[in-house]
Amino acid sequence: MRHITLIILTFFIATLTSAKCANNAIYCLSKSSTLNKNGLVILEFYASSQLLISDLNKKYPIYLKSSNRKIQLNVVETLTGEMRLTQIILKPITELEVGEIYTLQIDNLPKNEGKLRRYNNSSNKWESLTFKVNNFVDNDIPTLSNTPTEQKKSLVHYGCGPASWVSFTITGQDKSELFVRANVRNQVTGKVTTYILVIENGLTKVGHGMCSGAFRFDNGDNFEITFQLFDQSGNKSALTNTISFTRPTISTNDE
């Protein structure tokens, strides 16, 4: 499964060794509990929860709530993954108040979606998804610290299907939390898919797990990828040079 800090609307057990995949969930890419004054929120909708996206701020108001204000979040970009995932980038319609703590809320969700929560690794508890606002506006372009290169491939067969990943080294410098936009092109079909990924320990994983993922390695063996650093305030670095790679074909013991 994806290694990201997550809000789970319905708590479920979907380990890599299980025989079934969950039906719905919503994740937050950010591990940070703070937002810049011009910060964005990136959410990822899994499986049937993807159906909610078109009705956000219609049937399902989405906003940040403080002790005395509600600030609507507007969808400024939608990125569709290739295997049961869709991301949305959300921007507050008005400026956030410095020092205030806001909780992310979505109203009128179907009962099966449950409550909005995030797991805190430090306290080992489920908590509301909250952000404290920094007195900081980030307009600086992230700086790439290395030339991205392929680090390893993995292919593990599980109950619902394989987990297939290609890991790339990538590091950068910025004053805000950093992510990476990956653009993968299938050299056979010409299809290009763009998705925002996390960076963990200098690596970003491109592909899919047993149940879902941004990229499927279908319809051919050969692919191309470019990367672009993307920070919490939406600043982007220049695109990297194109890297050619092949899909994983040899089974491994782990991802």
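Since every read-out is calculated from the coordinates, none of them should be taken as a lab result. All values reported here derive from a predicted model rather than from experimental measurement. When we count neighbours, we look across all protein chains shown, and the Cβ atoms used for this are built from the backbone with ideal geometry, even at glycine.
Remarks
- Per-residue extension of 0.36 nm, minus the Cα-Cα distance of residue 51 and residue 91, leaves a gain of 12.4 nm for this segment.
- Tally of Lys pairs whose C-alpha atoms are under 17 Å apart, taken over region 28-186, 8 or more apart or cross-chain: 21
- Taken about its Cα centre, the chain carries a charge dipole of about 580 debye when Lys and Arg each add +1 at the Cβ and Asp and Glu each add -1 at the Cβ.
- Residue-count net charge about residue 120 - beta-carbon cut-off 12 Å; Lys, Arg +1, Asp, Glu -1: +3
- C-alpha center-to-center spacing [region 191-255, region 151-176] in angstrom: 7 Å
- The amide H of residue 172, built 1.01 Å from its N in the peptide plane, has 145 as neighbours under 5 Å, considering only residues 5 or more places off or on other chains.
- Among 243, 196, 26, the largest mean-square fluctuation in a Gaussian network model of the chain (Cα springs under 10 Å) belongs to 243.
- Cysteine residues of the chain whose C-beta has no other cysteine C-beta under 4.7 angstrom: 28, 160.
- Segment residue 238-residue 151, length gained on full extension (0.36 nm per residue, minus Cα span): 29.2 nm
- Residue among 110, 61, 162 with the largest mean-square fluctuation in a Gaussian network model of the chain, springs linking Cα atoms under 10 Å: 110
- Measuring nothing but how far apart in sequence close Cα pairs (under 8 Å, 6+ apart) lie, relative to its length, region 24-133 scores a relative contact order of 29 percent.
- Pairwise alpha-carbon distances in region 122-239 exceed 22 Å for 45% of all pairs.
- With the simple model of a label 7 Å out from the Cα in the direction of the Cβ, residue 191 to residue 80 spans 1.0 nm.
- Percent of alpha-carbon pairs separated by more than 29 Å within the chain: 30 percent
- Across 112, 74, 183, mean-square fluctuation computed from a Gaussian network of the chain (C-alpha pairs under 10 Å connected) peaks at 112.
- Sequence-separation-based contact order of the chain, relative, with Cα cut under 8 Å and 6+ spacing, percent: 20 percent
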